[in-house]
């Protein structure tokens, strides 16, 4: 879910949330990795700059572990 929100970070739209996404989204918001917006007919998850840096770090660690 966070990767999908990061993929939309430069777009005007966020990652649309469904009912099953509420708890994971709340954890991302609590960790300050995301925000949510009420767009009227839906709620969107938006990535924060901290989440982009976090995912970049995770990707670097995974690449180092796999030898890439």
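The values are calculated or read from the model by the stated rules, or taken from the named source; none is laboratory data. As the structure is a computational prediction, the values presented were derived from the model and not from experiment. Because the Cβ atoms are built from the backbone with ideal geometry, glycine has one as well, and the counts that use them run over all protein chains shown.
Please list, ordered by first then second residue, the pairs with beta carbon atoms under 7 Å, 6 or more apart or interchain, first in region 53-68 and on the phi < 0 side of the Ramachandran plot and touching a residue at least 24 places away in the same chain (Cβ under 8 Å), second surrounded by 10 or more Cβ atoms within 10 Å (Cβ to Cβ) and assigned to a helix (DSSP H, G or I). Sorted first by the residue in region 53-68, then by its partner, the pairs are 55/2; 55/3; 55/6. Taken as a whole, the structure leaves residue 45 outside the set of residues that are modelled with pLDDT of 90 or more, touching a strand residue (DSSP E or B) at 6+ places or on another chain (Cβ under 7 Å), assigned to a helix (DSSP H, G or I) and surrounded by 12 or more Cβ atoms within 10 Å (Cβ to Cβ). Restricting region 9-34 to residues that are buried (at least 16 other Cβ atoms within 10 Å of the Cβ), in contact with a strand residue (DSSP E or B) (Cβ under 6 Å, 6 or more places away or on another chain) and under 9 Å from residue 46 (Cα atoms), the residue that is modelled with the lowest pLDDT is 14.
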